[in-house]
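Presented below is the structure to which this report refers.
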Amino acid sequence: MAKHISKQDSENSSTRREFLKQFGFGAVAAGMAAPLLDNAYSATEQKTTGHKVKYRVLGKTGLRISEIGIGGHSWAYKQVPDGQGGYRRPTVNEAVRMIAAGMDMGVNFLDSCTALEESSVPGEALKRLKARDRIIVSIRVSHKMKGIKADKQEIYKWTEKRLKLWQTDYVDLCLLCNTENDTPQSGYWDMSYSIEALDKLKQQGKIRFTGFGCHFTPELFLEAFDKFGDYFDICSIPYNIRHRAAEKVLPAAKKKGLGVITIKPFVRGALLKDRDLKGADAGLPRDLISFVLENKLVDICTCGVHTIEQVRENLSASWTKLSPGRRKRIEKIAAVNIHDREYAWLEQGWRYA
Ligand SMILES: NC(=O)c1ccc[n+]([C@@H]2O[C@H](COP(=O)([O-])OP(=O)(O)OC[C@H]3O[C@@H](n4cnc5c(N)ncnc54)[C@H](OP(=O)(O)O)[C@@H]3O)[C@@H](O)[C@H]2O)c1
């Protein structure tokens with residue numbers, strides 16, 4: 001069984017030294033020619049300011065987690081200009097560079113959701129970086145809560161597939177997810193079989209901690225904390241400057257000792273759309289994350305990224321305080337209307353605290 005990341009692991013400087021040595025970062029820092037692997041990120045890319053992300057404790061898991069994490073959505077979709085007027089997915093080499101850059105600034109959390117690339121791309125990247133033991137890996141088991149016996153087999157199958165894609169024999173976090181559309185037929189409120197399956201996976205050492213995170217209303221989250229908060233370790237909730245209802249539900253999550261992973265700091269990019277991020281709106285992504293991190297009931301803000309520049313900018317939120325002027329700017333941006341049907345559940349349920 002692979003070594004599990006712990007408080008000591010993430011503080012273990014000798015492990016970190018080995019990592020830097022292996023990828024030549026120590027030599028880069030010392031101004032020497034670095035023996036970089038062709039898939040590690042280069043000396044010019046490694047122009048960090050020396051800043052590190054801060055850590056928080058992920059609720060009752062006790063894990064010491066970087067307050068900003070990298071989400072899998074951006075590995076799965078075509079987001080990178082292909083030079084021919086279209087878009088392509090980030091390559092594994094690019095993911096290696098982004099993850100290495102993030103780790104160098106202290107990131108120790110990677111999340112994946114449904115699409116297979118969300119697990120296979122970072123899985124292969126972690127293998128190449130030999131970094132599995134220094135990362136908290138989170139998977140999400142989607143749409144497997146029908147309240148019937150067959151839920152168990154579905155959860156086992158799903159988890160086995162993710163373990164293969166992540167090229168690991170265990171994951172740190174496993175979150176049950178479904179959407180509001182699934183809820184009526186899914187039997188979300190009868191999770192007994194799902195919980196049985198999760199218990200078995202825990203006994204087998206395949207998952208360490210469990211949670212849930214769904215496209216639900218805040219009211220359903222409150223009900224879920226009440227019913228299942230004692231069993232689960234973590235919850236995952238949308239939270240950003242426009243959708244602030246999490247402020248109303250987080251105290252109940254914390255009362256149960258749940259770790260809190262927030263998603264959608266940019267509403268999957270919608271708050272950044274048509275913005276002049278290199279000009280008048282520079283620093284906007286950072287400020288949107290700083291806003292999320294101001295809430296001390298949040299343990300980690302997870303964001304999708306597909307370039308090293310995005311990694312650097314987003315992580316800088318950890319050491320950049322939101323000034324009154326920049327707060328005004330994001331409050332103004334929060335007033336924009338979002339018409340995309342994909343976000344109807346957020347717009348209807350999560351607008352206000
Ligand atoms: N059902 C679930 O459980 C669930 C649902 C949603 C999300 N999640 C998790 O949460 C993670 C975050 O996803 P999200 O939906 O919350 O999206 P998000 O982080 O709000 O938005 C990510 C997108 O924002 C853009 N972006 C990020 N940093 C940027 C920067 N510095 N400058 C300009 N643009 C930037 C990129 O969009 P472009 O690529 O378009 O530039 C990126 O793909 C996911 O990857 C996933 O792990 C889970």
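The values are calculated or read from the model by the stated rules, or taken from the named source; none is laboratory data. Because the structure is a prediction, the values reported are computed rather than measured. Ideal geometry is used to build each Cβ from the backbone, glycine not excepted, and the neighbour counts take in all protein chains shown. Areas reflect the complete protein model, heavy atoms only, side chains present, ligands, DNA and RNA absent. Shrake-Rupley method; radii C 1.70, N 1.55, O 1.52, S 1.80 Å.
Per-structure values
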item	result
Long-range neighbours under 8 Å by Cβ, at least six apart or interchain, first residue within 15 Å of Pro251 (Cα to Cα) within the range 209-231, second of a type in the set (Ser, Thr, Tyr) and open to solvent by less than 10 Å² (accessible area, probe 1.4 Å)	Leu220/Tyr188; Ala224/Tyr188
Any hit, the range 52-68, residues being within 13 Å of the ligand (Cβ to nearest atom) and under 23 Å from Phe291 (Cβ atoms)	yes
Residue under evaluation Arg268, criteria (1) closer than 22 Å to Leu222 by Cα; (2) near the ligand (Cβ under 9 Å from one of its atoms), criterion not met	(1)
Criterion: more than 22 Å from Ala224 (Cα to Cα), of a type in the set (Val, Ile, Thr), within 9 Å of the ligand (Cβ to nearest atom) and out of contact with any Leu (no Cβ under 7 Å at 6 or more places or on another chain) - qualifying residue of Thr262, Thr307, Thr302	Thr307
Given (1) within 16 Å of the ligand (Cβ to nearest atom); (2) without any contact (Cβ under 8 Å) to a residue 40 or more places away in the chain, number of the condition Asp199 does not satisfy	(1)
Total residues in the range 158-175, condition touching a Ser or Thr at 6+ places or on another chain (Cβ under 6 Å) and free of Cβ contacts under 8 Å to residues at least 40 places away in the same chain	1
Options Leu20, Leu116, Leu126, Leu110: the member that is within 16 Å of the ligand (Cβ to nearest atom) and at pLDDT below 95	Leu116
